[in-house]
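Have a look at the structure below before the remarks.
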Amino acid sequence: MKRLSILGATGSIGTQTLEVVRANPDLSVEAISGNQNIELLAEQILEFSPKLVCVYDEKKIAPLSDLLIEKDPSGQVLNRIRLVSGMEGLCETAAYESTDITVGAVVGMVGIRPAMAAIKAGKDLALANKETLVCAGALIMSEAKTQGVNIYPVDSEHSAIFQSLNGERGNEIDKILLTASGGPFRGRTKEELRNVTLADALKHPNWTMGRKVTIDSSTLANKGLEVIEAKWLFDVEPQQIQVVIQPQSIIHSAVQFKDGAIIAQLGTPDMKIPIQYAILYPERRFLEGKRVDLFELGNLTFEKPDLDTFKALALAYRAIETGGSLPTVFNAANERAVADFIDGKIGYLEIADSIEAEMDHHEVIADPTLEEIITIGEQIISG
C-alpha cells in the first residue's frame, strides 16, 4: 500500500490524481487540501476518507463542515477527520506522518513552503507545482539531496525527460529537447494577437488544464517556466535546453546524448500518464485511455519558437541565465499579469510587457533565502 498526500486535490492535476487512485486499490489518500471548490472537496472526503484535510482559507472550514454534516447527518465523517487551514495547515498536510509520497499540485508560489515541508519530513515528492523549482530550485534540490528523497516530475515534459534518462545514469546529456504544442496562437503575428480575448486564450488545442496554465501555454510563459524547472531537475545549463514546437503533442520531450543519439517519450496528451508514473515509479501499470496510432497520426512536425512574438519565453531564458532572484521575479510578474488579464485590466500582449518591466526594475539578489524569495514574490503579486 502506498499512501498519498494530495495538495490541490480539487484542481486539474489533483482530480486526475484521484482518478489514478480509483484505478489502483493499493493506493490510499491520507491527507488532502483544497480551497476553491468546497463542494467537490466534500465529495472527495466522503469517497477517499483522508485523515487530515486542509482548507487554505479558514473561512471555508465552516461551509465544508456544513456540507459534510448534510451528506452525513451522523457526523461520523467529521469525527474521523481533522480540519486545518492556512499555510501551517498546508505544510502539515504535505508532511503528514503516515504519507509515503506527497503530490504537489497547488498553483502558484503558495506551493513552495509545503514542498519544502514534505522534503524536510523525508517524503518523496510528485511535483506538479512549477513555482517550487522556478523560484527556489537551488534550495529545494539541495534539501532533497540532504534528506535523501526523490522528486518525481509530474509535468508531461519533465516526466518525458525523466523517462528518457532511465538507464542512462552516468551518460552525459548534450541537450534536452523540451517540446511545446505552440498553444492556440502558434504562427500568429504580434498584430494578430493585439485583440486576443480571454476566451481565445483559453482554447488550448490539445490539453485540458486550469485557466492560469492554459493562458501561460498560449503566451509560452509556461514553457519558460518549464525551461527553468528542467535546469534544476536535470542539472543542465540553460543553453542545453532547446524548446521545440511539436504541434501534435505526441512527443512529450526528448534527450540528446553526447554521441548524438536521441531518446524520446511519446504518448497521447493525457496527464494521468505522468501522474501515475510519478506515484508508482519505477512500476508501469495498465492505464485506461486512448493509445497513439502512428498510422492514424501519419506525421509529426517540428518548428522553432517565435521568441519575438512570444517574448515571455525569451524572458524566461534571461531569468535563468541571470539566476538568483530573477526567476522569482519572472514567475511572480507573470502570475500577476495573468490575473490582471483574466480580470480585464490589461490586454493580452501586455502580459509579457509587464513581466519585462518588472524584471528590468528588479535588483537581483545572487543567493536569496527562502524568506527573501517568498517576500519578493508576494510583493510583486500583490502589486
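The values are calculated or read from the model by the stated rules, or taken from the named source; none is laboratory data. In this text, all values refer to a predicted model and were calculated from it rather than measured experimentally. When we count neighbours, we look across all protein chains shown, and the Cβ atoms used for this are built from the backbone with ideal geometry, even at glycine.
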Check your understanding: If you go through region 66-98 one residue at a time, how many are in contact with a helix residue (DSSP H, G or I) (Cβ under 8 Å, 6 or more places away or on another chain) and part of a loop (DSSP other than H, G, I, E, B)?
Key -> 4
Review point. Residue check: is Leu83 surrounded by fewer than 24 Cβ atoms within 10 Å (Cβ to Cβ) and modelled with pLDDT of 95 or more?
Key: yes
Review point. If a residue has to be in a loop (DSSP other than H, G, I, E, B), buried (at least 17 other Cβ atoms within 10 Å of the Cβ) and either free of Cβ contacts under 8 Å to residues at least 12 places away in the same chain or not hydrophobic (A, V, I, L, M, F, W, C) (or both) to count, how many in region 172-187 make the cut?
Key: 5
Revision key, fill the gap. Going through region 95-135 in order, the residues found to be within 16 Å of Ile32 (Cα to Cα) and either hydroxyl-bearing (Ser, Thr, Tyr) or in contact with a Lys or Arg (Cβ under 8 Å, 6 or more places away or on another chain) (or both) are Ala95, Tyr96, Ser98, Thr99, Asp100, Ile101, Thr102, Val107
Check your understanding: Residues of region 271-330 being exposed (fewer than 12 other Cβ atoms within 10 Å of the Cβ) and not in a loop (DSSP other than H, G, I, E, B), which ones?
Key -> Leu294, Phe295, Glu296, Leu297
Practice item. Search region 73-99 for residues that are within 21 Å of Gly122 (Cβ to Cβ) and pair each with any residue that is among the hydroxyl-bearing types (Ser, Thr, Tyr) and part of a helix (DSSP H, G or I) when their beta-carbon atoms are under 9 Å apart and the residues are at least 6 apart or on different chains. Key: Val84/Thr93; Thr99/Thr93
Exercise for review: Looking for whichever is at pLDDT 95 or above and exposed (fewer than 15 other Cβ atoms within 10 Å of the Cβ) here; the options are Glu371, Glu358. Which one fits?
Suggested key: Glu371
Point to revise | Matching residues, region 36-60, being under 21 Å from Ala115 (Cα atoms) and either among the basic types (Lys, Arg) or within 17 Å of the chain's Cα centre (by Cα) (or both) | key: Lys51
Check your understanding: Among (1) surrounded by 24 or more Cβ atoms within 10 Å (Cβ to Cβ); (2) farther than 22 Å from Glu372 by Cα, where does Asn150 come up short?
Key -> (1)
Revision key, fill the gap. Taking region 1-35 and the residues there that are within 20 Å of Thr214 (Cβ to Cβ) and not small (Gly, Ala, Ser), the one that is nearest to the chain's Cα centre (by Cα) would be Ile13
**Study point:** Long-range neighbours under 6 Å by Cβ, at least six apart or interchain, first residue part of a helix (DSSP H, G or I) within region 221-232, second among the acidic types (Asp, Glu)
**Key:** Asn222/Asp216; Glu226/Glu157
